[in-house]
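S.K.: This structure is in structure tokens; I'll ask about it shortly.
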Amino acid sequence: MPWISIIDDKEATGELKEIYEEIKGERGKIANIMKVHSLHPHAMKAHMDLYVTLMFGKSGLTREERELIAVVVSATNGCEYCVNHHAEALNHYWKDIEKVQKLIQDFKSLELPERTLRMLEYAVKLTKTPKEINRADIDALRECVFSDEDILNINLIVSYFDFVNRIALGLGVEFTPEEVREYKEGEDMKDKMQLLNLHISRIKEIVDSPIDTNEKLKTICKLLRDSVPYYDWVGFYLVHQSREKELVLGPFNGEPTEHVKIPFRKGLCSQAAERKETIIVQDVSEETDYLSCSTKVKSEVVIPIFKKGKLVGELDIDSHTISPFTDEDRRFLEKVCEIVSVLFY
Ligand code: SME
């Protein structure tokens with residue numbers, strides 16, 4: 001038990017209960033580091049959102065690089081709780097527990113690529129002697145071809161672990177092995193679902209905001225494209241108000257497309273409209289009934305949008321990756337369409 005009182009999930013009521021249930025639904029469990037926030041549920045939610053954004057959101061850093069920073073910063077601070085958690089997560093990628101142990105002892109004892117070494121050196125220096133960081137440290141990262149955006153992400157993750165390590169160490173948050181045992185195959189899927197769920201809350205906020213409908217749909221397209229690395233073109237098609245068998249391009253984010261009007265005759269959007277169901281094509285080169293927008297597009301998903309049972313539009317997403325879409329994308333995007341349907345008429 002930590003050194004301050006906590007409200008367990010079984011005793012929680014009101015807002016705390018709702019937040020616990022949200023976290024449980026997304027991650028299947030509530031980590032002790034989250035439970036320690038139970039007297040301040042808002043902070044728990046904000047913390048969780050920040051964690052998911054930094055560790056699973058869109059970034060030039062790989063998941064492995066992010067977990068590497070987590071382990072090395074936590075080891076530097078002597079935070080056993082976070083080391084345990086993130087060593088397990090890192091080993092999901094390395095599949096070599098001895099190598100992970102060496103990393104925890106001294107990352108310099110491993111033959112890591114120069115770029116990784118510089119990143120970890122920055123992480124340790126910022127953790128131990130933040131005041132001594134200077135422009136030359138940033139230039140050293142740039143030399144290893146980290147962009148300024150990558151450098152920001154490195155800094156945010158280092159700073160995040162310095163923050164969370166102090167929560168664990170400062171409040172006596174204990175590690176229980178059950179907490180990490182579940183980090184096995186399938187855990188990344190849970191993480192992905194959690195990230196997608198975070199976007200659901202943002203989309204609801206956008207739908208309820210005071211901006212006009214077009215702006216709302218535009219903002220949602222941008223949010224989706226910015227957040228999921230393989231969503232390369234995101235747009236809404238609207239069913240033509242008088243010609244019911246025609247789709248008209250609405251707000252979108254990505255390169256302009258020649259398909260601004262699509263009669264229900266050809267293509268994936270027509271198929272989704274006629275069949276009134278989500279169409280996922282993992283490799284468009286194998287699809288004959290398809291309207292191409294660009295040779296870069298490798299796969300596509302089209303989700304019909306219904307209002308009172310009537311087709312009112314579609315959400316269309318093109319990807320430059322082959323086979324990127326999973327069941328999680330389908331569930332998430334169908335949920336998005338359900339939420340945005342109130343904006344259509
Ligand atoms: N590929 C679509 C056309 C629309 S664009 O992808 C934006 C189709 O086959 O219907």
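The values are calculated or read from the model by the stated rules, or taken from the named source; none is laboratory data. In this text, all values refer to a predicted model and were calculated from it rather than measured experimentally. Positions of Cβ are generated from backbone atoms using ideal geometry, with glycine treated the same way; all protein chains shown enter the neighbour counts. These accessible areas exclude ligands, DNA and RNA; they are computed on the full protein's heavy atoms, side chains included. Shrake-Rupley method; radii C 1.70, N 1.55, O 1.52, S 1.80 Å.
S.K.: Can you tell me the accessible area per residue over the range 79-153, all protein chains present, probe 1.4 angstrom, in square angstrom?
M.R.: Heavy-atom SASA per residue in the range 79-153 reads 59 Å².
S.K.: Just grab the label-to-label distance for residue 342 and residue 17, each label 7 Å out from Cα along the Cβ direction, in nm (one decimal).
M.R.: It is 2.4 nm.
S.K.: Given only helices, namely DSSP H runs of n ≥ 4 each adding -39500 (n - 2.57), what is the per-residue ellipticity at 222 nm of the chain, to the nearest 500 deg cm²/dmol?
M.R.: On the way: 14 runs with 184 residues, N = 345.
Computed mean residue ellipticity for the chain: -17000 deg cm²/dmol.
S.K.: Which FRET efficiency value, to the nearest 0.05, is calculated for residue 178 and residue 111 with the Förster distance at 56 angstrom and r the Cβ-Cβ distance?
M.R.: Numbers: r = 34 Å, r/R0 = 0.61.
Plugging the Cβ-Cβ distance into 1/(1 + (r/R0)^6) gives 0.95.
S.K.: Give me the accessible area per residue for the range 229-300, probe 1.4 Å, as a whole number in Å². Can you show the working numbers first?
M.R.: Values: 3790 Å² over 72 residues.
Heavy-atom accessible area per residue stands at 53 Å².
S.K.: Rounded to the nearest 0.05, what FRET efficiency do residue 152 and residue 64 give with R0 = 22 Å and r taken as the Cβ-Cβ distance? Could you check?
M.R.: On the way: r = 19 Å, r/R0 = 0.85.
It comes to 0.70.
S.K.: Longer than 25 Å from Cα to Cα, which of 216/298; 45/218; 204/261; 99/125 are they? Say none if no pair is.
M.R.: Values: 216/298 28 Å; 45/218 27 Å; 204/261 28 Å; 99/125 22 Å.
Going by Cα-Cα distance, 216/298; 45/218; 204/261 fall outside the 25 Å limit.
S.K.: May I ask for the distance between the Cα centers of the range 74-101 and the range 284-345, given as a whole number of Å?
M.R.: Using only Cα atoms, the two centres lie 38 Å from each other.
S.K.: Under a crude label model (7 Å from the Cα following the beta-carbon direction), how far is residue 202 from residue 245 in nanometres?
M.R.: Going by the 7 Å Cα→Cβ label model, 4.0 nm.
S.K.: Of the accessible area of the range 1-82, with the probe set at 1.4 angstrom, what percent is carbon plus sulfur? Walk me through the numbers before you get to the answer.
M.R.: On the way: 2010 of 3650 Å².
So the carbon and sulfur contribution to the accessible surface is 55 percent.
S.K.: So, by mean Cβ neighbours within 10 angstrom, what's the order for 128-137, 195-204 with the highest one leading?
M.R.: Values: 128-137: 9.7, 195-204: 17.0.
Result, highest mean first: 195-204, 128-137.
S.K.: With a 1.4 Å probe and every protein chain kept in, tell me what percent of the accessible surface of the range 211-332 is carbon plus sulfur.
M.R.: Numbers: 2990 of 5980 Å².
Summing carbon and sulfur atoms, their accessible area is 50 percent of the total for the range 211-332.
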